[in-house]
1. Just grab the label-to-label distance for Trp134 and Ala82, each label 7 Å out from Cα along the Cβ direction, in nm (one decimal).
2. Using the per-residue mean of other Cβ atoms lying within 10 Å as a proxy for protection, in what order, highest first, do the peptides 66-77, 20-31 fall?
3. Can you give me the span-like helices of the chain, meaning DSSP H runs with 24 Å or more of Cα extent along the axis and Kyte-Doolittle mean at or above 0.5?
4. At 25 °C and 0.890 mPa s, grab the translational diffusion coefficient of the chain from Stokes-Einstein with a Kirkwood Rh over Cα pairs, rounded to a whole number in µm² per second.
5. Classify segment 65-115: rounded, prolate or oblate, from the alpha-carbon gyration tensor (a ≥ b ≥ c, eigenvalue square roots; a/c under 1.5 rounded; otherwise prolate if a/b is larger than b/c)?
6. Can you tell me the relative contact order of the chain? Whole percent, Cα pairs under 8 Å, sequence separation 6 or more.
7. Can you pull the one-decimal nm distance between simple spin-label points at Ala160 and Trp89, each 7 Å off the Cα toward Cβ?
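Read-outs throughout are calculated quantities, based only on the coordinates presented, and are distinct from any laboratory measurement. Model, not experiment: these values are computed from the prediction. Cβ placement follows ideal geometry from the backbone for every residue including glycine, while neighbour counts extend to all protein chains displayed.
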Amino acid sequence: MSLNPRAALLLLVAMWPGQPIDDAARAWVQAHRAPALEAPMRFASDRARIVLIAGGAVALVAGAPGRSFLLESGVALLPVNAAVEAIKWGVNRTRPDGTTNRANSSFPSSHAANAFTLAAVITRRWRRAAIPAWLVATFVAVSRVYLDRHWLSDVVFALALGLGGAWLAARFMLRWRKPSAPMTEA
C-alpha cells in the first residue's frame with residue numbers, strides 16, 4: 001500500500017513528533033514577553049511589506065545590479081509563495097493563538113519564508129550585506145513566534161523553503177544569463 005504525497009504530509013503533521021518542542025518554545029517565548037519588545041516585534045511583523053516595497057523601489061533605480069536583484073528575488077519568491085500557500089491549504093495547522101483559517105493556517109510562516117528567501121538572494125549577490133540581511137530575516141521570523149502567530153517549526157520550515165527558493169532562482173539566473181552554456185556549480 002502506498003501513500004500519496006498529500007496524505008503523507010497530513011499524516012506527518014498529525015503525528016508531528018516536534019510538537020513538544022514547539023510547545024516548550026512557545027511557553028518560553030510567551031513567558032518572556034516584554035513591553036519594550038512589543039512595538040519592534042509588531043513593526044517587524046506588520047510592516048515587513050513596506051520595507052520590501054521600499055527596498056524594491058531603491059533596487060529599481062539602482063541600475064542594472066538592482067534590476068537583476070529584483071528579477072532574481074521575484075524568481076525566488078514565486079515558487080516559495082506558491083509552496084507556502086499550497087502547504088498551508090493542505091496542512092491546515094491551527095495557529096498557536098488558536099486562530100483557524102485554512103487559507104491562512106500556521107504552517108509554514110510566509111513572513112519568515114519571504115524574509116529568508118530575500119536574505120539568501122542578498123547574500124548571493126552582496127556578501128557584505130549578508131549579516132544585516134540574515135539578522136533582519138531572523139528578527140522577522142522571531143517576531144512571528146513572539147507574537148504567537150507561528151510555532152517554532154513553522155519558521156524553521158520557512159527557512160528551508162526560503163533557501164530552496166533562492167537556490168532555484170540562482171540556478172535559473174545562471175542558465176538565463178548563459179543559455180547556450182552548461183550550468184556550473186555555484
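1. The two pseudo-label positions are separated by 2.9 nm.
2. Numbers: 66-77: 18.5, 20-31: 13.3.
Ranking, from highest mean packing down: 66-77, 20-31.
3. Numbers: long enough: 64-91 (40 Å, 0.80); 152-177 (38 Å, 1.03).
What comes out of the filter, once short or polar helices are dropped, is 64-91, 152-177.
4. Values: Rh = 17.7 Å.
My calculation gives 139 µm²/s for D.
5. Numbers: a/c = 4.77, a/b = 2.62, b/c = 1.82.
The shape class here is prolate.
6. On the way: 226 pairs, mean separation 47.0, N = 186.
It rounds to 25 percent for the chain.
7. For Ala160 paired with Trp89, the spin-label model returns 2.2 nm.
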